[in-house]
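Participant: Sharing a structure here in structure tokens format.
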Amino acid sequence: MKRSLLTYITALSCSAVMAQETIYPAPPQAKPVYLTNATIHIGNGQVIEKGSLSFANGKIVAVGNNLPAPSADVKVIDLQGKHVYPGVIAPLTTVGLTEVEAVRSTNDFSEVGEINPSVRSLVAYNTDSKVINTLRSNGILLAQVTPEGGMIPGSSSVVQLDAWNWEDAAYKADGAIHFYMPSLLPPPATPGRFSITKDRAEEFAEKTEKVRSFLSEAKAYLQEDKHTAVNLKFEAVSKLFTKQQKLFIHCNLVKEMLVAVDFAKEFGIEVVIAGGADSWMIADVLKQNNIAVVLAQPHSLPVMQDDDVDQPYKTAAQLQQAGVLFCLSNEGFWQQRNLPFEAGTASTYGLSKEEALAAVTLNAAKILGIDKITGSLETGKDANITISTGDLLDMRSSVVTQAFIQGREVSLDNKHKQLYERYKYKYGLK
Amino acid sequence: MSNFFSPRKRLSHLCLLLSGLLAGSYASAQETFPVNGIADPREGCYAFVKATIVKSAGNVLNNASLVIRNGRIVSVGNGPVPKDAVVIDCGGKYIYPSFVDAYSDYGTQPAKKASGGYRGDPQFLSATKGAFGWNQSIKSEINAASIFQVDGTAAESLRNAGFGTVLSHQQDGIARGTGVLVTLADDRENKVLIREKASAQFSFDKGSSTQNYPSSLMGSIALLRQTFLDAQWYQSHPAKEGTNLTLQAWNDSRALPQVFDAQDKWDALRADKVGDEFGVQYIIKASGNEYQRIPEMVATKASFILPLTFPQPIDVEDPNDARFVALSDMKHWELAPTEAAAFEKANIPFCLTASGLKDLKQFLGAVRKSIEYGLSEQKALDALTLSAARIIKADDLVGSLEPGKLANFLVTSGAIFNENTVLFQNWVQGKKYIIKDEGWKDVRGTYTLTLTPGNTRYTLLLKGTAATPTLSLLQQDTLAGSITINDKLIKIAFPLKKGGAQLRLSGVAGTNEWSGTGLDTAGKWVKWNAAFSAAYTRQDTAKPKSAPQLGNMYYPFNGYGWEALPKQQDILIKNATVWTNEKEGKLENTDVLVRNGKIAQIGKNLPAGNARVIDGTGKHLTPGIIDEHSHIAISKGVNEGTQSVTSEVRIADVVNPDDVNIYRQLSGGVTASHLLHGSANTIGGQSQLIKLRWGADAEELKFAGSDPFIKFALGENVKQSNWGERQRERFPQTRMGVEQVLTDAFTRARDYEKEGAGKRRDLEMDALVEILNSKRFITCHSYVQSEINMLLHVADTFHFKVNTFTHILEGYKVADKMKQHGAGAGTFADWWAYKMEVQDAIPYNATIMQRVGLNVAINSDDAEMARRLNQEAAKSIKYGDMTEEEALKLVTINPAKLLHVAERTGSIKTGKDADLVLWNDNPLSIYAKAEKTMVDGIVYFDREKDLELRQRISAERNRLVLKMLSEKKKGTPTQRAAASREEMYHCEDLQAGHQQRLTDGNNEL
């Protein structure tokens, strides 16, 4: 009896769920689209005032000031001075791998074990996450879905944020393997309690050596085609050595980053630093070694109390000045909707607005290895486009009115807007 | 040549102990302990003659005598030497009172620490068995006298450092019971225990207690305060309580000196403040950083016990590790030895303790270091002797050399703080303890050695130190030999020519001459004697030490601190866009005059007069940002979440003025922060509104005259939903239970209020009664609509108003009900999805609530986000089309209204406090930077000045790094570079502790 009552209640509550379930992924682009009368931010630094952009079959056909007039079958959208941007790309996020952070059953980003390169985040990516819609509606159209935990938790994939399932979503599968480097931060001393007994450096050496020997053995294993027993972990990193895959090393401190640079040299692989809080201190070294950085969010407190109070805000500008290829990231999943504002702050503290935009679009695409197909509004690339009434990087003016992924006009509706409408209705607000 | 040489062989510890037990007791002949064998009563009468006697600091007698008998001093000065006195010639020697240590755990066993902690099984009551109090950390029933045991090894170390008497207690718990005054004689406990209850001892550290409460510093303080009240109440022997031996003991020890172990300079002030509330003047055992706040220490009127635990230089060789050492830690290394000198200069009564030193051998060196850093020698001696005794009211027994006092004194080779001085003997209760006997007699000088047969004469020179003289043969070439003197036995060897065979002699160092036999270089037996011919003229090789070069003091003690606290000045901001938040709205090209910390005038083309003019052309002037929900500047714990109702704890007790986040937030335009208790329990603690007066102390930070508030919480945190499997015992575990916690608490409060005379004053209830009487106001952490609705009903039932719902992410669902009740809202702009109860959180929340007519604020609950609350406010423009002026109000006048300080701050209006921010751009734009932030007309953050501070930090770090490197090079032991701590909290943080972004990335709410 009790059970059936529960079932009944569950059924009832399911049917009463918000209209979220009617937010549909968009169908493929059927008709060419011609955006006009817009301020077009290409993503590569270039801005076209009163420009036009046309795309068809999901690809950008033309962009500029004097495009030929569209033919009759083209959908023309007069943007009346609105701003057009490349879709924002959110690197290093657990979006789709978690729904409610504090509820364990919704968390799918951390596996058991220290070295799990064969684990793939893509297969756990939940396209029906309610969070995804809230990112799209702020102009974030692509995300690097990234596993966490242990030292090598697996591979990340880039997904586009408007899909029926993870296969549809996959934009670049398994593009990066992640290595969370142990910390070299000297542990804090608490007077009278725990004094430092073990050298952090020893622990660091011990752990990084595990990863180093894993890579060495993998590299050797991969020289030979025939094996009596297949090692899935070794197989999983084969593309690292052919540079079809990158190793994202998550680290923040100078010595850690120097070790990361050394990894690149030792194994002849492409290394990206993820985090890089102190990367401003060795920007020149990173430049010399062609190491790219996915910078941790500028909206952070300084690493140390003596640091410049605005250090995390201006790190991006310092990397820019040194010529380091970098992009910006934001922690977490729901937080990704604020990624454009991280770029805004980086601009307040030294980047030009277009450089700041590139730091969440084209640069991210380059680092993720998808710049041939997205990241900027250049001819031939996917039509991943965000349109805003004002400056996308400033919450004062950023209101996203339309977005296209692969030329498909995606829904900007989300649970929050629906609840907004519901309660405006309740209170009779307009 | 009399008394030529009389070193004494050092006795082993065992021998001393035996002599103490069997023979050397100078008490009356009658005692309860039977003698096994022949009684050996001795009076132990000694006369120390010809000495330089320092009776007390500054009171010096030359060529004087000290007579002792039966363990006490009989006379000092030129009194007659009794016939039965053993006379000891102390020519050239000094006699000082033995030191007194007012803070020791000598002879008390450390309390056993059981495992536990907040993740273990909850323990609501004390685990101590017996008729004691409810809280395991209140241990007033412990008497150190009852557990005291003589510890020969420890006593010897203390004696060797110069101590004769210590006030000892078991250093465990918040109320630690009584201390015992004991000497360091190696004798039966009955003899050395000279005052059974000599002090009552306290701290804020719960020590070995496994009970959950208290888990925070503010909880410790609240517990202390409540125990004062409970003990007062217990004096009437309330039948309800039955027998409570803990409270009884607390009351019994009230007349004793009350000693408080403070673990930080701010703790010293906190302890003193609690003492003041109950008419107790604590003697404060300092932590070592009090020099950073001397005026505040003066104001306590307390006497202090200062430790000499100076930090070692930090090993900064690795620059990438040194990066994580804060300048404040480096500066503390440099300045810590100035502590005693600073106290002397400020005329604060103090004594010195060896407590906390890893090695007692470092003690005198540390005193010398204090002297090198400015402490006068006289004060140093006084602080070790008479002042120490006076502070603990033991100066009737010890502390100076006066007839009748205990015969506790040191015999030294010279002035006690001279680096070359040897401490020979430490007499305790009339018994001699040798510290070092070598050199008691200075044998250095020139000797004539005669060998027979042959009557060959050699001239020998003994130099080096008195304790370890060196020998050389004086002839054409001076040749080095060797000499060993062991008690009366002597051994000499030297060559007759360079590289030649040795002449080897041994014999006796007799009272008048040295003599004996030996073998000459040819292997023939000879007889020898040596006669003293001339004294060694000592050359003082010690270089006078130059005064150390020290960096400046910073207020607060942080790289961004002030060298001198800023003063108010009149300021005219000219030609700015002024966001008034008043009906005038936004005024273009307007001047604002600030005088005496207030907004004096708003208008166009105002005359500057003497005011400093700041050009506001192209800039925006707004009221300072007020963060209605903050956890910055809090020491040692933001939650006392160990019980469901903790309305007795007060953030006001634990405000931490050193937190660099005050400065960081000023850089984001914040001028006031409401510091809240966390959300771990239903009825949390009392909150504190502060103004960000960077550099001020805790009391000066407080927003004077503001209404008192308290934090409540509902939902997942208080029902421990996300605390792990073991936390399933505390009531409530459901939202149903939360209602009952509230109803029960207010029902009890109402009954309590009605209770008549003789009631037990309960601080927990007092705070609730204040709420019932609209004298204290609630900020309630809340998320979902059901619980919001519930609290409104509880409040209506008890006829009070819920002032503010904070977080309130589903406020938009019940905004009408909140409006009807009269509650306001402080919320996040766009946080959601971090836990189940925020699944329906939407960024339109602020807009909807505001449009329904609520007073709405946007707040941070986060030290990082608080630096850009203007941006968070601006999100309401994006989400819900709020106007810019209304959006700015979300972080200025609206929180001021929520906090009942809108008459004082929150808008730009004549007569209001000059809490202002000058921005380089529209303040709601992400591109805006606060250029200047002022509180009460003082510019606490100035972007140009900030650039100078950065350079100063860099230069000062470099200076100290070089200094520490040179210390390491000199061989000074160093400590490993540890990352400097920064305390940072969110609502849910359960333990006092550190969050370091780089190691624990996940610190979500």
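Participant: Step by step: first the residues of the stretch B:754-785, then only those that are loosely packed, with under 15 Cβ neighbours inside 10 Å and modelled with pLDDT of 95 or more, then the one that is nearest to B:S706 (Cα to Cα). Which residue is that? Walk me through it before giving the result.
Facilitator: Initially, the stretch B:754-785 is screened for residues loosely packed, with under 15 Cβ neighbours inside 10 Å, giving B:754-759, B:761, B:773-775.
If we keep only those that are modelled with pLDDT of 95 or more as well, we get B:754, B:761, B:773-775.
Values: B:K754: 28, B:R761: 25, B:N773: 17, B:S774: 14, B:K775: 11 Å.
The extreme case among them is B:K775.
Participant: Moving on. State whether one or more residues within the stretch B:574-592 are within 30 Å of B:D658 (Cα to Cα) and part of a strand (DSSP E or B). First the steps, then the outcome.
Facilitator: Residues of the stretch B:574-592 within 30 Å of B:D658 (Cα to Cα): none.
No, the stretch B:574-592 has no match at all.
Participant: A follow-up question, please. Need a quick list: helices (runs of 4 or more DSSP H) entirely within the stretch A:342-430 having at least 1 residues that are within 14 Å of chain B (Cβ to nearest Cβ) and out of contact with any Pro (no Cβ under 8 Å at 6 or more places or on another chain). Can you show your working first?
Facilitator: Values: elements: A:353-358, A:362-368, A:415-427.
Here the list reads A:353-358, A:415-427.
Participant: Taking B:A271 as the residue in question, decide whether it is on the phi < 0 side of the Ramachandran plot and touching an Asp or Glu at 6+ places or on another chain (Cβ under 8 Å). Outline the logic, then answer.
Facilitator: Values: on the phi < 0 side of the Ramachandran plot: yes; touching an Asp or Glu at 6+ places or on another chain (Cβ under 8 Å): no.
No: the conditions fail for B:A271.
Participant: Moving on to the next point. List the number of the failed condition for B:L21; all other conditions in (1) aliphatic (A, V, I, L, M); (2) farther than 30 Å from B:G356 by Cβ; (3) at pLDDT 80 or above; (4) under 41 Å from the mean Cα position of the chain (by Cα) hold.
Facilitator: (3)
Participant: Here is a follow-up. Restricting to the stretch B:43-65, name every residue that is farther than 21 Å from B:N160 by Cα and in contact with a Ser or Thr (Cβ under 8 Å, 6 or more places away or on another chain).
Facilitator: Listed by number, the residues that qualify are B:A47, B:V49, B:K50, B:N59, B:V60, B:L61, B:N62, B:N63, B:A64, B:S65.
Participant: On to the next question. Hey, can you tell me all the residues within the stretch A:61-78 that are touching a residue at least 60 places away in the same chain (Cβ under 8 Å) and out of contact with any Leu (no Cβ under 6 Å at 6 or more places or on another chain)? Reasoning before the result, please.
Facilitator: Our first condition is that a residue be touching a residue at least 60 places away in the same chain (Cβ under 8 Å); within the stretch A:61-78, this holds for A:61-63, A:77.
Within the stretch A:61-78, A:V61, A:A62 meet the criteria.
Participant: Is it the case, given these coordinates, that A:K243 is away from every other protein chain (no Cβ under 14 Å) and in a helix (DSSP H, G or I)?
Facilitator: No, not satisfied.
Participant: I need every pair where a residue in the stretch B:314-326 that is within 16 Å of B:S966 (Cβ to Cβ) has its Cβ under 7 Å from the Cβ of a residue that is among the β-branched types (V, I, T), sequence separation at least 6 or different chains.
Facilitator: B:I314/B:V325; B:I314/B:T974; B:D315/B:T974; B:V316/B:V325; B:V316/B:V961; B:A322/B:V316; B:A322/B:V961
Participant: A further question on this structure: Is it fair to say B:R270 is closer than 26 Å to B:I391 by Cβ, part of a helix (DSSP H, G or I), under 15 Å from the mean Cα position of the chain (by Cα) and modelled with pLDDT of 95 or more? So that I can check it myself, show each step before the final result.
Facilitator: Working: closer than 26 Å to B:I391 by Cβ: yes; part of a helix (DSSP H, G or I): yes; under 15 Å from the mean Cα position of the chain (by Cα): yes; modelled with pLDDT of 95 or more: yes.
Judged against the criteria, B:R270 is a match.
Participant: What tally of residues in the stretch B:351-368 results from selecting those that are part of a helix (DSSP H, G or I) and touching a helix residue (DSSP H, G or I) at 6+ places or on another chain (Cβ under 6 Å)?
Facilitator: Number of matching residues: 2.
Participant: Filtering the stretch B:792-835 down to residues that are part of a helix (DSSP H, G or I) and among the small types (G, A, S), which residue is nearest to A:K415 (Cα to Cα)? Give the steps one after another, and end with the answer.
Facilitator: Pass one, the stretch B:792-835, residues part of a helix (DSSP H, G or I): B:792-797, B:811-813, B:815-821.
When the remaining residues are screened for being among the small types (G, A, S), the result is B:795, B:811, B:815.
Numbers: B:A795: 32, B:G811: 16, B:A815: 19 Å.
The residue in question is B:G811.
Here's the yes/no breakdown for (1) modelled with pLDDT of 95 or more; (2) in contact with a helix residue (DSSP H, G or I) (Cβ under 8 Å, 6 or more places away or on another chain); (3) crowded, with 18+ Cβ neighbours inside 10 Å:
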| residue | (1), (2), (3) |
| --- | --- |
| A:Q160 | yes, yes, yes |
| A:A163 | yes, yes, yes |
| A:K172 | yes, yes, yes |
| A:I196 | no, no, no |
| A:R212 | yes, yes, no |
| A:L240 | yes, yes, yes |
| A:Q245 | yes, yes, yes |
| A:E270 | yes, yes, yes |
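Participant: Quick check on my filter: what residues within the stretch B:849-884 are within 7 Å of another protein chain (Cβ to nearest Cβ), touching a helix residue (DSSP H, G or I) at 6+ places or on another chain (Cβ under 6 Å) and part of a helix (DSSP H, G or I)?
Facilitator: B:V852, B:A874, B:I877
Participant: Taking A:V259 as meeting all but one of (1) in contact (Cβ under 8 Å) with a residue 40 or more places away in the chain; (2) not in a helix (DSSP H, G or I), write down the number of the exception.
Facilitator: (2)
Participant: While we're looking at this one, here's another question. Mind checking which residues of the stretch A:314-334 are surrounded by 24 or more Cβ atoms within 10 Å (Cβ to Cβ) and either in a helix (DSSP H, G or I) or aliphatic (A, V, I, L, M) (or both)?
Facilitator: Step one: of the stretch A:314-334, the residues surrounded by 24 or more Cβ atoms within 10 Å (Cβ to Cβ) are A:315-316, A:319, A:324, A:326-330, A:333-334.
Passing the criteria: A:T315, A:A316, A:L319, A:V324, A:L328, A:W334.
Participant: Which one of the conditions (1) aliphatic (A, V, I, L, M); (2) touching a helix residue (DSSP H, G or I) at 6+ places or on another chain (Cβ under 8 Å); (3) within 14 Å of another protein chain (Cβ to nearest Cβ) does B:V660 fail to meet, given that it meets all the rest?
Facilitator: (2) is the only condition that B:V660 fails.
Participant: Filter the stretch B:583-597 down to the residues that are in contact (Cβ under 8 Å) with a residue 40 or more places away in the chain, under 25 Å from B:L924 (Cα atoms) and surrounded by 13 or more Cβ atoms within 10 Å (Cβ to Cβ) and list them by number.
Facilitator: Taking the stretch B:583-597 first, the residues in contact (Cβ under 8 Å) with a residue 40 or more places away in the chain are B:585-586, B:592, B:594-597.
Imposing the further condition that a residue be under 25 Å from B:L924 (Cα atoms) reduces the set to B:585-586, B:592, B:594.
Within the stretch B:583-597, B:K586, B:V592, B:V594 meet the criteria.
Participant: From B:T517, B:T521, B:T511, grab the single residue that is out of contact with any strand residue (DSSP E or B) (no Cβ under 7 Å at 6 or more places or on another chain) and either among the charged types (D, E, K, R) or over 30 Å from B:K909 (Cα atoms) (or both).
Facilitator: The conditions single out B:T511.
Participant: Inspect all residues belonging to the stretch B:731-741 and state whether any of them is exposed (fewer than 15 other Cβ atoms within 10 Å of the Cβ) and within 14 Å of another protein chain (Cβ to nearest Cβ).
Facilitator: No; the residues of the stretch B:731-741 include none that is exposed (fewer than 15 other Cβ atoms within 10 Å of the Cβ) and within 14 Å of another protein chain (Cβ to nearest Cβ).
Participant: Another question about this same structure. From the set of residues in the stretch B:816-832 that are within 11 Å of chain A (Cβ to nearest Cβ) and either more than 26 Å from A:V95 (Cα to Cα) or at pLDDT below 95 (or both), which is farthest from the chain's Cα centre (by Cα)?
Facilitator: Filtering the stretch B:816-832 for residues within 11 Å of chain A (Cβ to nearest Cβ) gives B:816, B:819, B:829-832.
Next cut, either more than 26 Å from A:V95 (Cα to Cα) or at pLDDT below 95 (or both) only: B:816, B:819.
Working: B:D816: 50, B:K819: 47 Å.
Per the stated criteria, the residue is B:D816.
Participant: Name the residue, out of A:G113, A:G154, that is buried (at least 24 other Cβ atoms within 10 Å of the Cβ) and either over 23 Å from A:Y85 (Cβ atoms) or not assigned by TED's automatic domain parsing to the domain that holds A:F214 (or both).
Facilitator: A:G154
Participant: With A:K226, A:K314, A:K243, A:K239 as the choices, which residue is over 24 Å from the mean Cα position of the chain (by Cα) and basic (K, R)? Step through it out loud before you land on a result.
Facilitator: On the way: A:K314 fails: over 24 Å from the mean Cα position of the chain (by Cα); A:K243 fails: over 24 Å from the mean Cα position of the chain (by Cα); A:K239 fails: over 24 Å from the mean Cα position of the chain (by Cα).
None of the other options fit; the residue is A:K226.
Participant: Can we say B:K813 is more than 8 Å from every other protein chain (Cβ to nearest Cβ), more than 19 Å from B:P895 (Cβ to Cβ) and modelled with pLDDT of 95 or more? Explain how you work it out, then say what you get.
Facilitator: Details: more than 8 Å from every other protein chain (Cβ to nearest Cβ): no; more than 19 Å from B:P895 (Cβ to Cβ): yes; modelled with pLDDT of 95 or more: yes.
So B:K813 does not fit the description; no.
Participant: For the stretch A:267-308, give me each residue that is more than 13 Å from every other protein chain (Cβ to nearest Cβ) and assigned to a strand (DSSP E or B).
Facilitator: Within the stretch A:267-308, A:V271, A:V272, A:I273, A:A292, A:V293, A:V294, A:L295 meet the criteria.
Participant: Which ones in the stretch B:937-979 are under 28 Å from A:D310 (Cβ atoms), outside any helix (DSSP H, G or I) and more than 13 Å from chain A (Cβ to nearest Cβ)? Outline the logic, then answer.
Facilitator: Kept after step one, since they are under 28 Å from A:D310 (Cβ atoms), are these residues of the stretch B:937-979: B:937-962, B:977-979.
This time we only want the ones that are outside any helix (DSSP H, G or I), so: B:937-942, B:977-979.
Answer for the stretch B:937-979, where residues must be under 28 Å from A:D310 (Cβ atoms), outside any helix (DSSP H, G or I) and more than 13 Å from chain A (Cβ to nearest Cβ): B:G937, B:I938, B:V939.
Participant: Report yes if some residue within the stretch A:138-145 is small (G, A, S), surrounded by 20 or more Cβ atoms within 10 Å (Cβ to Cβ) and over 14 Å from the mean Cα position of the chain (by Cα); otherwise report no. Break it down into steps so the answer makes sense when it comes.
Facilitator: First, the residues of the stretch A:138-145 that are small (G, A, S): A:139, A:143.
Cutting the leftovers down to surrounded by 20 or more Cβ atoms within 10 Å (Cβ to Cβ) gives us A:139, A:143.
Restricting the remaining residues to those that are over 14 Å from the mean Cα position of the chain (by Cα) gives none.
No.
The values are calculated or read from the model by the stated rules, or taken from the named source; none is laboratory data. Please read these numbers as outputs of a predicted model, since none were measured by experiment. Cβ sites come from the backbone with ideal geometry, for glycine too, and all protein chains shown count toward neighbours.
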